[in-house]
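The values are calculated or read from the model by the stated rules, or taken from the named source; none is laboratory data. Values in this document were obtained by computation on a predicted structure and should not be read as measured data. Glycine gets a Cβ as well: all are built from the backbone with ideal geometry, and neighbour counts include every protein chain shown.
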């Protein structure tokens, strides 16, 4: 059984090594780590480096306190807040231990309140200063919540939805979508909360009206995250239901997007996203009817691109799960194309040991195609 300790226990042992055994800070830290690891203690959530020059507290704790004080001030001064946000972001990016510490210190509610305040101010005045502050706070939340999405609450979801509903600044939207994706990773309850807020309609609207490649890519990323069943703590998730509903709502938009964006890297994202949504036969039929021609064009235009071909073969494999679609693909001449691709990339693989990712879906693809029931 794995043993755990508190941050205070670890800090006390390091200081004891320094005070009683006259060790240098580096040696004291190494000795403390060795002692705890020998006892089977899990140190993954422990900040190992002591901030010895600033007193008893770690830098992340000091920064959290300063941010809380600045956020609670009657008149917020943006410059010191942005400065502390930069420091907190750097601390959170170091490792999970720093992020956990910041979360335990209660920084999430402070950041959410600050974001709510800046959001209201931006919607009233719509100035660049508030926009920059919103992006900075969201980026700090992304750094904080990476690998600890448990912090998300209902108010956070409401802010995400309001940003997508009422804000048109693409930089803010991109940051919001990145935060949304982080919140969904390995957290079924967050995924259900975000999906339940009606985010699918927002994603559809964004995909239909923007030409910003980064914004489109982030929309596609969120769609894929909403269809993941990756939370081991939940026995039965709703990934299938999410994929089914998103497929019914977004397939038209995604197939049009595929027709209009046939060059990497966006084309790979689009095909990967479509494949994630094809969880029912009728969805595969719709995707094949509206996107099969585009799929052939993608293969023709990107014949030498391993990543694009890999995603295309995965999508074809998914489409071939529907027997009717399977027959259509065979009649359309997909088999010679796949054989040609295999021959082409096999030469590169055996000569240069590259392109292995392309071969992974191919056995499944041929099994799917070969299992066509004769008319």
Enumeration of residues in the stretch 233-248 that are over 17 Å from residue 194 (Cα atoms) and at pLDDT below 95
233, 235, 236
Give me a count of the residues in the stretch 292-313 that are in a helix (DSSP H, G or I), within 25 Å of the chain's Cα centre (by Cα) and surrounded by fewer than 20 Cβ atoms within 10 Å (Cβ to Cβ).
2
For the stretch 343-355, which positions are buried (at least 17 other Cβ atoms within 10 Å of the Cβ) and at pLDDT 70 or above?
345
Quick one: count up the residues across the stretch 224-260 that are surrounded by 18 or more Cβ atoms within 10 Å (Cβ to Cβ) and closer than 15 Å to residue 295 by Cα.
5
Would you check which residues across the stretch 320-341 are in contact with a helix residue (DSSP H, G or I) (Cβ under 7 Å, 6 or more places away or on another chain) and closer than 21 Å to residue 263 by Cα and list them?
334, 337, 338, 341
Report yes if residue 315 is without any contact (Cβ under 8 Å) to a residue 40 or more places away in the chain, assigned by TED's automatic domain parsing to the domain that holds residue 339 and within 21 Å of residue 207 (Cα to Cα), otherwise no.
no
All but one of (1) in contact (Cβ under 8 Å) with a residue 40 or more places away in the chain; (2) surrounded by 12 or more Cβ atoms within 10 Å (Cβ to Cβ); (3) out of contact with any helix residue (DSSP H, G or I) (no Cβ under 8 Å at 6 or more places or on another chain) hold for residue 69; state the number of the condition that does not hold.
(1)
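Let's see how each residue does on (1) free of Cβ contacts under 8 Å to residues at least 40 places away in the same chain; (2) under 25 Å from residue 284 (Cβ atoms):
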residue: 198; (1), (2): yes, no
residue: 210; (1), (2): no, no
residue: 215; (1), (2): no, no
residue: 221; (1), (2): no, yes
residue: 228; (1), (2): no, yes
residue: 233; (1), (2): no, no
residue: 238; (1), (2): no, yes
residue: 243; (1), (2): yes, yes
